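The values are calculated or read from the model by the stated rules, or taken from the named source; none is laboratory data. Note that the structure is predicted; figures quoted are calculated from it, not measured. Reconstructed Cβ throughout: ideal geometry from the backbone, glycine too, with neighbour counts over all protein chains shown.
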Amino acid sequence: MKHLPWALCLMALCAAATGQTAGSAPDSALNAQREHISAGRARAQARYASEEAACYQKFAVNDCLNAAKAARREVLADLRRQEISLNDAERKQRGAQQLQRIEDKSSPEKRQQAASQRERAQEEHLGRQQRAAEKFGDRAQKQAGESEKRRNYEGKQQAHLDKEAARASKASSAAAERSKYNEKLKDAQERKARREQDRAEARKPPASPLPTPP
């Protein structure tokens, strides 16, 4: 479940943000996650370009291209979901910072109330992140299963093409063998006919001599 660590990282980031002061917000962690998403998009595009080039070397080009496009869409959609979660985490962080600034200027009662609200908001957000992590895990398993099915389909298709090519080669070889056999049979029949003719010629009585002139 490759998305689970990323989602847990967001959960930790949000938890840290709600406990941070305005001057110590984990901006570097947010930037690192954004760079991770950008790198993921670049890898997805590069992988698609490679798979697209490979598809043109296969017999079923359109099926291969459609499968590659579907895989790219899944990856980009997942990265977009990660980006939305990251934006949500950033908003939570800024809200926590603003709440902290207000709390610093409030009375002890209001600070306690704000702390309770922040704690409830944190628990709710962690719950949402946990559910998102589980959903990402289920989606990753589904994508892995679909990728396996696609590889199996391509393998079966290639095996079918190999089988057809082997059958065509075998049929061509059989036709050549039949032609060779027919030629041999024809030659044998011609030789037999010549031998029969020679024997018939040998069995003919010699011609009678011409009468002696008076």
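A residue that is of a type in the set (K, R), more than 30 Å from K58 (Cβ to Cβ), surrounded by 10 or more Cβ atoms within 10 Å (Cβ to Cβ) and in contact (Cβ under 8 Å) with a residue 60 or more places away in the chain occurs nowhere in the range 172-186. If only residues of the range 134-164 that are of a type in the set (A, V, I, L, M, F, W, C) and at pLDDT 80 or above are counted, the one that is nearest to the chain's Cα centre (by Cα) is A159. For the range 36-58, a tally of residues being loosely packed, with under 12 Cβ neighbours inside 10 Å and of a type in the set (F, W, Y) returns 1.
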